[in-house]
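Asks: Sharing a structure here in structure tokens format.
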Amino acid sequence: MNEIRKRAGKFVSEWKDEPGEERQQAQSFVRDLLGVYGITETKAASYERRAKRSSTGNGGYIDALVPGLCLVEMKSAGKNLEEAERQALDYIDDLTDAEAPRWVITSDFRQFRILDLHDRTEGAVQEFALTGLPVKAEALAFLAGYQTRSFGSVEQEAASIKAARVMASLYETLEKSGYPDHEASVFLVRILFCMYADDSGLWDRDLFTEFIEDRTRDDGSDLGPQIAMFFQVLNQKIKPGHLDEALQKLPYANGGVFAETISIPAFDSEMRSKLLDACRFNWADISPAIFGSLFQAVKDKKSRRQLGEHYTTETNILKTLGPLFLDDLKTRFADEQHSVQGLKKFRAHLGQIRLIDPAAGCGNFLLLSYRELRALDLAVLIRLRELGDTTEVPTMFFTRDDLVVRPEHFFGIEIEEWPARIASTALHLADHQANQAMSLELGMAPDSLPLGTIDTIHVGNALRTNWRDILNPTVNTIVVGNPPFKGHRGREAEQAADLRTVWGREDIGRLDYVTAWYRKAVEFFDGVPGGRFAFVSTNSITQGEPVPTLFGPVFAAGWRIRYAHRTFGWSSEAPGAANVHCVVIGFDRGGRAAPAPTLFFYDTLRGAPTAKTVDRINAYLIDGPNILVAQRRTVLAPDLPPVTMGSMPRDGKNLIVEKEDYAEVTADPVAAKYLHRYMMGEEFINGEDRWCLWMTDLDPADVDRSPVLRKRLEGVRAMRLASKAPSTRKMAETPHLFGQRSQPETSYLGIPKVFSERRRWATAARMPADVIAGDKVYKVDDPDGFAFAVMSSSMFITWQKSVGGRWKSDPSFSNTLVWNTLPLPKVTDVLRQAVIEAGQKVLDARDLHPGRSLEDLYNPLAMDPVLVSSHNALDRVLDKAFGARRALVTEADRQRVLFQRYEEMTTAGQL
């Protein structure tokens, strides 16, 4: 910026005494103004551009237009600039999307008025005198390609989405031409760099664009060789003297971006046209972090069609980075505001931070971390200057060695080459943006070219890599990222092998793939007294069976949960990835100086979080004792009966009778006598009809007398014999029986395996003995209704949601993990009777609507007030039974009581 200010001063001295006549002097004035910001003898600006006024339909002329950037409207000295601005705005509707400007500059040779069309605040308009230009030079810094979008803004996100679509179109043309995939990756990254350099001030504006326009044929036949030459020259420190003058202007890029030799793609006129369309986009507007994640999707056909629908927002990334380390740093900076020595120590600390993302993808966590740390460093330098200390800022120029936060402090491991290459390149772009911000504030910054070498993004399998081979951890090392999620049902054989290797065990059970990164992080920091790590993860890691397996070793190694975001919706940047229910969990070593943990709650999956400072955060992301609930074979609560799973057919659907088959089966009198109602979870909740053939008392002669039985039993036998499981093949000896049978002979309490997340209470119900409970229904002998009452309480559903597993987002019941661990203390006979009576009131309220299913009865938007009231009354009695000493209102209140009871009952030798 210092050089720009010098040129601005010369511009002012040359124009301050001119008469300022629009017709004679406007074009010269604008040319000289653009020259101040490096737009010189190029076609970057067009003058006297013909355009139609939207208000009248009449034609007119735009004094100057830099497509996609700004429109300039001049008036003679003393004229009204607001009127000139209205005239300029009148032309914009007649421009193409590529031409439409973000800024409108109006001037009467004495004053400047600048309007930011994307700024909806009062600061959208700036006005200053011609003589004030050297001081206000940053107001027009966008002309030199300086970053102008507020980070994370809607406009920047929209620009990044549009940019990715432009690149997707370009990639499709390369793909159709048969260009090799690896070389297409290298080529596209180089093209991206050149287009960004055109618009961001890395070199003269539109240098690359004009080279394509002026030095290549319209049919595209020589475009490949010419671009190859352009890339080659960028990689030459000393340039041959006979080069084309356009190539002579190119700086030495370095940085490895242009080092690899690749084959030359063949272009045609359409491909050349698409490349030029891409060049006309304003690439200075993009966010490297957002664009990187979108750019990653360019090579996936399905993701290309959905570009912009799913990407990781900066807001979501900062949910991870903020409480992990950025918030602390910002607080420390604020605390040291008035101390020169304190600020210097703080700056030295910034230089000691090293960050590694072992699931780097396209580097968005690294990019935002780098951007934020560079911004903090700049804030320190500005504040030191305000305090009169200049020892940290050189007097002449700023070099890379003067920076304390550098790209080479940021490391990544990525399994695929394409996103790794994007990450390295995007770090260069982020570095340039940070240098521009520094130049605007301090008047100087390190030169962005030649690029420094970034060799810290490693291509490889992070789970088979020793992270210490990449970075040796210290107390100032931070591990952060968004590793891939894969549940036990969806993981591939190679991923299962990764898990076994990392955990050092053959039995990996229900561990999600993401848990391997936690294990590796703990190993990485082994022996280091500090450090921090955090990962975005599927919320399933804090639920159900895997919790003790994952968190036991983490806590045993001396880590505590520093902060956690409870379940919220996260859009992953990976191609083809779905929106998932996520948590963010950050760890540190604790200690006296460590802040109290922070827990972030969400009212809705897409809502904003509410932060709460708590005493501790346990593995279930609850403010409660740091205990781990493991499966039990027996019931912990002395007054609760055992729960067992229903019967499993394992029949190839031959013993199950659907609605469409019911008439056929009932028409066969022999088969009909074995027909029973059959309940799986869907039928249980919705009251739907389904049947099964239950033949524990089968007369063998009936098989020969019934075509229906004979056909179906033959089907069962064939299915079981074809199984790979020995136990299933054994069952072929008795094809008339369910594979696993556990039907009670008396009425029983049925419990669906899955409850709806939407409902306030669990939906259990009594079933007659002749209704067969399938394997998606659990059952319990409950003659007096005590188990029903407990199951129908808020205490139970809170425990279920806290420690139980999930099926997608819905709570999934388990007798061993949820029921057997429910910490209900021994109750008195009087209290037991009160519980039973309160449970009966719930049944009485249900009976007021005998035709309604459980689904209808417990619709959270339409529950009968009598039913709600009866449940609330039951809750008051059960809360007391669990030992609550006051009325419990929130889920968090109940969680505290439940975990306290569990800790008491398990440590008292009742396991």
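The values are calculated or read from the model by the stated rules, or taken from the named source; none is laboratory data. This one's a predicted model, so the numbers in the text were calculated from it and none came from an experiment. Glycine also receives a Cβ, built like all others from the backbone with ideal geometry; neighbour counts cover every protein chain displayed.
Asks: Suppose we keep only residues that are within 17 Å of Phe738 (Cβ to Cβ) and over 50 Å from the mean Cα position of the chain (by Cα) within the stretch 703-715. Which one would you say is surrounded by the fewest Cβ atoms within 10 Å (Cβ to Cβ)? Give the steps one after another, and end with the answer.
Replies: Step one: list which residues in the stretch 703-715 are within 17 Å of Phe738 (Cβ to Cβ), which gives 703, 709, 712-715.
Then keep just the ones that are over 50 Å from the mean Cα position of the chain (by Cα); that gives 703, 709, 713-714.
On the way: Val703: 19, Leu709: 21, Leu713: 22, Glu714: 13.
That would be Glu714.
Asks: Also, quick follow-up: Being closer than 17 Å to Ala637 by Cα and touching a residue at least 24 places away in the same chain (Cβ under 8 Å) is the filter; apply it to the stretch 871-893 and report the residue that is surrounded by the fewest Cβ atoms within 10 Å (Cβ to Cβ).
Replies: Among them, the one singled out is Gly883.
Asks: Further, regarding this structure: Looking only at the stretch 728-770, which residues are part of a helix (DSSP H, G or I) and either modelled with pLDDT under 95 or touching a helix residue (DSSP H, G or I) at 6+ places or on another chain (Cβ under 7 Å) (or both)?
Replies: Thr728, Arg729, Met731
Asks: Residues that are modelled with pLDDT under 90, at least 2 per element: which strands (runs of 3 or more DSSP E) completely within the stretch 24-74 meet that?
Replies: Answer list for the stretch 24-74: 46-52, 59-66.
Asks: Moving on to the next point. Take the conditions within 17 Å of the chain's Cα centre (by Cα), at negative phi and not in a strand (DSSP E or B) and apply them to Leu605. Does it pass?
Replies: Considered against the rule, which asks whether it is within 17 Å of the chain's Cα centre (by Cα), at negative phi and not in a strand (DSSP E or B), Leu605 comes out as yes.
Asks: Next question, about the same structure. Within the group Ile415, Ile356, Ile422, which residue is modelled with pLDDT of 95 or more, closer than 30 Å to Asp498 by Cβ and of a type in the set (A, V, I, L, M, F, W, C)? So that I can check it myself, show each step before the final result.
Replies: On the way: Ile415 fails: modelled with pLDDT of 95 or more; Ile422 fails: modelled with pLDDT of 95 or more.
Among Ile415, Ile356, Ile422, only Ile356 is modelled with pLDDT of 95 or more, closer than 30 Å to Asp498 by Cβ and of a type in the set (A, V, I, L, M, F, W, C).
Asks: Report, by residue number, each residue of the stretch 771-780 that is charged (D, E, K, R) and either out of contact with any Phe, Trp or Tyr (no Cβ under 6 Å at 6 or more places or on another chain) or at pLDDT below 95 (or both).
Replies: Asp775, Lys776
Asks: Next question, about the same structure. Do you know which residues across the stretch 799-819 are surrounded by fewer than 21 Cβ atoms within 10 Å (Cβ to Cβ) and touching a Leu at 6+ places or on another chain (Cβ under 8 Å)?
Replies: Gly805 - this is the single residue of the stretch 799-819 that is surrounded by fewer than 21 Cβ atoms within 10 Å (Cβ to Cβ) and touching a Leu at 6+ places or on another chain (Cβ under 8 Å).
Asks: Take the residues of the stretch 574-628 that are of a type in the set (Ser, Thr, Tyr) and crowded, with 17+ Cβ neighbours inside 10 Å: which is modelled with the highest pLDDT?
Replies: Thr598
Asks: Under 8 Å between Cβ atoms, which residue pairs at least 6 apart in sequence (or on different chains) link something in the stretch 687-708 that is over 20 Å from Met648 (Cα atoms) with a partner that is β-branched (Val, Ile, Thr)?
Replies: Here the result reads Asp702/Val670; Arg705/Val670; Ser706/Val670; Val708/Val665; Val708/Val670, each pair linking the stretch 687-708 to a residue that is β-branched (Val, Ile, Thr).
Asks: Being over 30 Å from Thr313 (Cβ atoms) and of a type outside the set (A, V, I, L, M), is that true of even one residue in the stretch 161-177?
Replies: Yes: one or more hits.
Asks: When you scan the stretch 383-425, how many residues do you find that are free of Cβ contacts under 8 Å to residues at least 40 places away in the same chain and either in contact with a Lys or Arg (Cβ under 6 Å, 6 or more places away or on another chain) or not in a loop (DSSP other than H, G, I, E, B) (or both)?
Replies: 2
Asks: Which residues, counting only those in the stretch 507-530, are at pLDDT 90 or above, among the small types (Gly, Ala, Ser) and either farther than 19 Å from Asn466 by Cβ or part of a loop (DSSP other than H, G, I, E, B) (or both)?
Replies: Result: Gly527, Gly530.
Asks: Right, another one. Of the residues that make up the stretch 434-444, is at least one closer than 25 Å to Glu183 by Cβ and in a helix (DSSP H, G or I)?
Replies: no
Asks: Same structure again: Looking only at the stretch 343-350, decide whether some residue is assigned to a helix (DSSP H, G or I), hydrophobic (A, V, I, L, M, F, W, C) and under 25 Å from Ala608 (Cβ atoms).
Replies: Within the stretch 343-350 (the criterion being assigned to a helix (DSSP H, G or I), hydrophobic (A, V, I, L, M, F, W, C) and under 25 Å from Ala608 (Cβ atoms)), the answer is no, since none of the residues qualifies.
Asks: So which of Arg23, Arg86 is over 47 Å from the mean Cα position of the chain (by Cα), among the charged types (D, E, K, R) and surrounded by fewer than 16 Cβ atoms within 10 Å (Cβ to Cβ)?
Replies: Just a single option satisfies the conditions, and that option is Arg23.
Asks: Then there is this: Evaluate the stretch 495-506: report whether one residue or more is part of a loop (DSSP other than H, G, I, E, B), free of Cβ contacts under 8 Å to residues at least 12 places away in the same chain, assigned by TED's automatic domain parsing to the domain that holds Leu378 and not small (Gly, Ala, Ser).
Replies: Yes, the conditions are met somewhere in the stretch 495-506.
Asks: Residues being among the acidic types (Asp, Glu) and in contact with an Asp or Glu (Cβ under 8 Å, 6 or more places away or on another chain): count how many of those fall in the stretch 755-777.
Replies: Taking the stretch 755-777 first, the residues among the acidic types (Asp, Glu) are 757, 770, 775.
Cutting the leftovers down to in contact with an Asp or Glu (Cβ under 8 Å, 6 or more places away or on another chain) gives us 757.
The number of residues fulfilling the criteria is 1.
Asks: Further question on the same structure: Which residue pairs have Cβ atoms closer than 6 Å, lie 6 or more positions apart in sequence or on different chains, and pair a first residue in the stretch 731-751 that is surrounded by 20 or more Cβ atoms within 10 Å (Cβ to Cβ) with a second residue that is hydroxyl-bearing (Ser, Thr, Tyr)?
Replies: Phe738/Ser647; Ile751/Tyr778
Asks: I've got another one for you. With the structure loaded, tell me whether Ala718 is outside any loop (DSSP other than H, G, I, E, B), loosely packed, with under 15 Cβ neighbours inside 10 Å and touching a residue at least 12 places away in the same chain (Cβ under 8 Å) or whether it fails that test. Talk me through it step by step, then tell me what you get.
Replies: Working: outside any loop (DSSP other than H, G, I, E, B): yes; loosely packed, with under 15 Cβ neighbours inside 10 Å: yes; touching a residue at least 12 places away in the same chain (Cβ under 8 Å): yes.
Yes: the conditions hold for Ala718.
Asks: Another question, if that's okay. Scan the stretch 673-684 and give yes if some residue there is within 30 Å of Tyr563 (Cα to Cα) and either at pLDDT 95 or above or over 30 Å from the mean Cα position of the chain (by Cα) (or both), otherwise no.
Replies: No, every residue in the stretch 673-684 fails to be within 30 Å of Tyr563 (Cα to Cα) and either at pLDDT 95 or above or over 30 Å from the mean Cα position of the chain (by Cα) (or both).
Asks: Can you run down the residue pairs with Cβ atoms below 7 Å, 6 or more apart or on separate chains, where the first is in the stretch 65-79 and touching a residue at least 24 places away in the same chain (Cβ under 8 Å) and the partner is assigned to a loop (DSSP other than H, G, I, E, B) and polar (S, T, N, Q)?
Replies: Going by the 7 Å Cβ cut-off, the qualifying pairs are Gly68/Asn282; Leu69/Asn282.
Asks: Got at least one residue in the stretch 367-375 being modelled with pLDDT of 90 or more, among the acidic types (Asp, Glu) and within 23 Å of the chain's Cα centre (by Cα)?
Replies: Yes, the conditions are met somewhere in the stretch 367-375.
Asks: Follow-up. Return the residue satisfying two criteria in turn: it lies in the stretch 212-249 and is polar (S, T, N, Q) and touching a Lys or Arg at 6+ places or on another chain (Cβ under 8 Å), and of such residues it is farthest from Glu260 (Cα to Cα).
Replies: Residue satisfying both the conditions and the ranking: Thr216.
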